[in-house]
Amino acid sequence: MRRARARLALAAAALAAGVVLAQERGIPPGELKSGSAFLGSDLRALQNDDFANPGMLWVERGEKLWREPAGKKNLACAGCHKDSSMRGVAARYPRIDAASAKLLNLEGRINRCRTERMGAEPLRYESDDLLALTAYLARQSLGLPVATSIDGAARAHFETGRASYHRRRGQMNLSCGQCHDANWGKRLLSETISQGHPNAYPAYRLDWQTIGSLQRRIRACLSGIRAEMLPYGSQEYLDLELFLAWRAQGLPIETPGVRR
Amino acid sequence: MGARIQIPREARRGDVIEIRILIQHPMETGYRHDDVGHLIKRNVINVLYCRYNGVEVFRADLSSGISANPYVQFYTVAEASGEFEFTWIDDEGEQGLERQSIVVKG
């Protein structure tokens, strides 16, 4: 009897945990929609066209850079990493770097490899070279579901990211969730509000006339709600990236996306 | 200046073939200002040529209204095996050149 009651209590706890987890997600998994679902058919076609997608110019450049030796040790990325081993990697970022126990996004990972293993200078955020390498890496996970881990050391970053996502900020006093959880699918002037997923980044935005990182996109949102923009690579953006990736779990990687 | 070109590798004589080219270029309009208010000088690709075995089969005059990284698509008739040669030039005089070959059967 007592054992049965304990089992019942355990089941109830598990159920409660499940409910809490479900509540954590502003959008139920069945309703997840990639940003491309909010595009017109012409832009969706452009994104899916391997040739005409302008982001592919950076993917091609990234492939070249991948094989080009750099730094004091004259090492190329391809010297250590076999290309096939990179499939699925981007889908797991941002993640905790085992050596430093720090949270790294794909850009951070590339630069850490450059400084620590290749003896090369880190690439500047939003430089064409860093965008190209990031896009090339992410492209290899095309179609794979976003699968970031928030276990262990990542948990604290995840919680900070979530708090950051839900914090009201700027002159308009808006949180990310007020648009992207509560009002997605509705119109904001000529735009349809997306769910704010990161699965297509780095993405080519027509507004920018070039490819840009997820952090650039986040900054564009912050500027839109007249909030303070933080410097590229800041910890708050990293944590937010982790939360966004968790929120988008299961959506396929689309890099390089094409966005308005 | 990088570019991507797509041409069928093989075609039959008389086939209408699709040619696509995507050129990486900022296509600076000349109407924008930088962060300190100075006008950014216009720099657009102003002409794009395509020669097929030395004969010009396509030419486009581009200008300020064209987006960055212009994409051009056109059709021509496959006549003989050989080479497509694309050249373009921007306002700063920088020139781009890409070549791709085709095998025409029949």
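The values are calculated or read from the model by the stated rules, or taken from the named source; none is laboratory data. Just so we're clear, the structure is a prediction, and the values are computed from it rather than from any experiment. Heads up, the Cβs are rebuilt from the backbone with ideal geometry, glycines too, and the neighbour counts pull from every protein chain shown.
Of all residues in region A:199-208, exactly one satisfies the criterion of being hydroxyl-bearing (S, T, Y) and more than 14 Å from every other protein chain (Cβ to nearest Cβ), namely A:Y201. Do we find a residue being assigned to a loop (DSSP other than H, G, I, E, B), within 14 Å of another protein chain (Cβ to nearest Cβ) and over 17 Å from the mean Cα position of the chain (by Cα) anywhere in region A:190-198? No, region A:190-198 contains no residue that is assigned to a loop (DSSP other than H, G, I, E, B), within 14 Å of another protein chain (Cβ to nearest Cβ) and over 17 Å from the mean Cα position of the chain (by Cα). Here is the figure for region A:42-67: residues that are part of a helix (DSSP H, G or I), facing chain B (nearest Cβ under 7 Å) and small (G, A, S) total 0. May I ask you to verify whether B:G14 is part of a loop (DSSP other than H, G, I, E, B), away from chain A (no Cβ under 13 Å) and in contact (Cβ under 8 Å) with a residue 40 or more places away in the chain? The answer is yes for B:G14.
A:A76 fulfils the conditions (1) farther than 21 Å from A:M118 by Cα; (2) in contact with a strand residue (DSSP E or B) (Cβ under 9 Å, 6 or more places away or on another chain) except for a single criterion, (1). Among the residues of region B:35-44, write down those that are under 22 Å from A:A52 (Cα atoms) and either within 10 Å of chain A (Cβ to nearest Cβ) or in contact with a Gly (Cβ under 6 Å, 6 or more places away or on another chain) (or both). Those that are under 22 Å from A:A52 (Cα atoms) and either within 10 Å of chain A (Cβ to nearest Cβ) or in contact with a Gly (Cβ under 6 Å, 6 or more places away or on another chain) (or both): none in region B:35-44.
Taking the stated definitions as given, is B:E79 surrounded by fewer than 16 Cβ atoms within 10 Å (Cβ to Cβ), in contact (Cβ under 8 Å) with a residue 60 or more places away in the chain and away from chain A (no Cβ under 14 Å)? Criteria not met by B:E79. Taken together, the criteria exclude A:S85 from residues that are of a type in the set (S, T, N, Q), more than 14 Å from chain B (Cβ to nearest Cβ), out of contact with any helix residue (DSSP H, G or I) (no Cβ under 7 Å at 6 or more places or on another chain) and part of a loop (DSSP other than H, G, I, E, B). Scanning region A:199-217 for residues that are of a type in the set (A, V, I, L, M) and either buried (at least 22 other Cβ atoms within 10 Å of the Cβ) or part of a helix (DSSP H, G or I) (or both) gives A:A200, A:A203, A:I211, A:L214. A search for C-beta distances below 6 Å between a residue of region A:120-131 that is surrounded by 16 or more Cβ atoms within 10 Å (Cβ to Cβ) and part of a helix (DSSP H, G or I) and any residue that is charged (D, E, K, R) and at pLDDT 95 or above, counting only pairs 6+ apart in sequence or on different chains, returns A:L130/A:E107. Being within 13 Å of chain A (Cβ to nearest Cβ) and either touching a Pro at 6+ places or on another chain (Cβ under 8 Å) or loosely packed, with under 12 Cβ neighbours inside 10 Å (or both), is that true of even one residue in region B:69-76? Yes, because at least one residue in region B:69-76 is within 13 Å of chain A (Cβ to nearest Cβ) and either touching a Pro at 6+ places or on another chain (Cβ under 8 Å) or loosely packed, with under 12 Cβ neighbours inside 10 Å (or both). For region A:153-189, enumerate the residues that are assigned to a strand (DSSP E or B) and at pLDDT 95 or above. Within region A:153-189, A:R169, A:L174 meet the criteria.
The set of residues from region B:1-11 being within 14 Å of chain A (Cβ to nearest Cβ) and either among the acidic types (D, E) or in contact with a His (Cβ under 7 Å, 6 or more places away or on another chain) (or both) comprises just one member, B:M1. Would you pick out the residues in region B:18-34 that are surrounded by fewer than 18 Cβ atoms within 10 Å (Cβ to Cβ), in contact (Cβ under 8 Å) with a residue 40 or more places away in the chain and more than 10 Å from chain A (Cβ to nearest Cβ)? Selection gives B:E18 alone. Within region A:62-74, residues that are closer than 18 Å to A:L106 by Cβ sit with their Cβ atoms under 8 Å from residues that are buried (at least 19 other Cβ atoms within 10 Å of the Cβ) and of a type in the set (F, W, Y), at 6+ positions apart or across chains, in these pairs: A:G62/A:Y136; A:E63/A:Y136; A:L65/A:Y136; A:W66/A:Y136.
In region B:53-64, the count of residues that are touching a residue at least 40 places away in the same chain (Cβ under 8 Å), away from every other protein chain (no Cβ under 14 Å) and either under 18 Å from B:A3 (Cβ atoms) or exposed (fewer than 13 other Cβ atoms within 10 Å of the Cβ) (or both) is zero.
Of A:A4, A:A13, A:A37, A:A52, all but one fail to be at pLDDT below 55 and aliphatic (A, V, I, L, M); the exception is A:A13.
For the criterion of being within 19 Å of A:L46 (Cα to Cα) and more than 14 Å from chain B (Cβ to nearest Cβ), A:I211 fails.
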